[in-house]
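What follows is a set of notes on a single structure, which appears directly below.
Any read-out appearing in this document is the output of simple, stated calculations on the displayed coordinates, not a laboratory observation. All values derive from a computational prediction rather than experimental measurement. Note that each Cβ is placed from the backbone with ideal geometry, even for glycine, and that neighbours are counted across all protein chains shown.
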Amino acid sequence: MTKHSLGIVLNGVTGRMGYRQHLVRSILAIREEGGVLLPDGSRVQLEPLLVGRSEEKLSEIADRHGLTDWTTDLGAALADSRYPVYFDAQLTSVREASIAQAIDAGKHVYTEKPVAESVDGALSLARRAADAGVKNGVVHDKLYLPGLRKVARLVDSGFFGRILSVRGEFGYWIFEGDWQEAQRPSWNYRAEHGGGIVIDMFCHWNYVLESLLGPVRAVTAKAATHIPSRVDEKGVRYDATADDAAYAIFEFDGNAIAQLNSSWCVRVYRDELVEFQVDGTRGSAVAGLSGCVVQPREVTPRPVWDPDVPDTHNYRAQWQEVPDNAELGNGFKAQWEQFVRHVVADEPHPYDFVAGARGIQLAEAGLESSRTGRRVELAEVKV
């Protein structure tokens, strides 16, 4: 079997997402499998160059995983022709400048979202990449959740008929950092560092909703900072300047509606940390991270509202589990494989910087709606 190699500059691997999802569960997992399988049956092995600000952390990570190439000098990494791909998992506030630097160095770019701090910034990067002739992509991992992959199969089969609505609940309680350590880094709660649940999650919700209902046409949202003060990684109390919860209604062509609650201030009483219910004229589905259940029109029960009589229906028992029917692996790894095939074999990759700009547009519209108390319509994003 023919084998090729592809060098990748990984910037931000000392952070939680960069290390856990992108390095360990994606790049290193792909390496252990012998590389990414290409359409012609050959494989391309990934050769990572770790980049970050801390020599100590980089050295420790490299030693832990038997890697040899790391540096704190981004400029030197981008100048190395052995690494034609650049990946960015840094703070949102510094990402745009680094991506621009990578494009100017002739690198193909794959990045965490949001790709920039504004729609204009993302579109500027898209134009820059087009002018440089480099390929680009943005993380869209939620589409690879096993639960949503099952929903995608149902959509493709016509199971739902006409989709009427989507209802979603996402979130869990993030400890304030005083009596228990927070599960997310403190920059998430600082607007000046690119934090906030709207900019974080609406970028995800945009591509998820596009896959189900098409482009979002309007949004009405309310963002909130429910916990005004938190304690950071060094034990220092700070003011939370970013939103930690958002409640939104999204509108689509054909009168379809989506309602999504996103919160880092909610205690979980559902099967999984995220849950979507899709209701259509011919059937409904409820999906989480991995599971998905359905209820077709033909077997829908006939509840009757009567508050004076105890309800004896076991509603959960009236739904049917959707089988895996395939190996549904890690979503981050799957999208890495997709981008590598895009770079090496020119396979399609629709989740580019323009797609990333649409996610930022939705976040900006949500924040505008929250600030003004008005419904905000979305125009088409054009480069």
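Once segment 238-296 is represented by equal point scatterers at the alpha-carbon sites, with solvent omitted, what log10 I(q)/I(0) does the Debye formula produce at q = 0.29 Å⁻¹?
-1.22
Working out 0.36 nm times the residue gap between ASP232 and ARG374, then minus their Cα-Cα distance, what length gain in nm do you get to one decimal?
So the extension gain works out to 47.7 nm.
If R₀ is 35 angstrom, what is the calculated FRET efficiency for the pair THR300 and GLU272, using the beta carbon separation as r and rounding to 0.05?
It comes to 0.90.
Evaluate E = 1/(1 + (r/R0)^6) for ASP80 and GLU192, where r is the Cβ-Cβ distance and R0 equals 45 Å; express this FRET efficiency to the nearest 0.05.
After rounding, the FRET efficiency stands at 0.85.
Return the tail of the calculated pair distribution for the chain, meaning the percent of Cα-Cα pairs more than 36 Å apart.
That tail contains 27 percent of the Cα-Cα pairs.
Across the chain, how many lysine pairs separated by 8 or more positions, or lying on different chains, have Cα atoms within less than 21 Å?
Final tally of qualifying lysine pairs is 13.
Kindly write out, for segment 343-353 in residue order, the coupling ³J(HN,Hα) from the Karplus curve 6.51 cos²θ - 1.76 cosθ + 1.60 (θ = phi - 60°), rounded to whole Hz, with x marking Gly and Pro.
Couplings: 6, 8, 10, 6, 5, x, 8, x, 8, 9, 4 Hz.
Can you list the HN-Hα couplings for segment 106-120, worked out from phi with the Karplus curve (6.51, -1.76, 1.60; θ = phi - 60°), rounded to whole Hz and with x for Gly and Pro?
x, 8, 6, 10, 10, 9, 5, 9, x, 5, 8, 8, 8, 4, 4
Considering only the chain, what is the antiparallel percent among its DSSP beta bridges, to the nearest 5?
Expressed as a percentage, antiparallel bridges in the chain total about 60.
Run the Debye formula on the Cα coordinates of segment 202-310, all scatterers equal and no solvent, and tell me log10 I(q)/I(0) at q = 0.10, 0.16, 0.19, 0.21 1/Å.
Computed log10 I(q)/I(0) values: -0.46, -0.96, -1.15, -1.25.
Kindly provide log₁₀ I(q)/I(0) values, in the same order as q = 0.13 Å⁻¹, from the Debye equation applied to equal alpha-carbon scatterers of segment 1-132.
Each listed q maps to, in turn, -0.54.
At a Förster radius of 35 Å, what calculated FRET efficiency corresponds to the Cβ-Cβ distance of LYS222 and GLU321, to the nearest 0.05?
Calculated value: 0.50.
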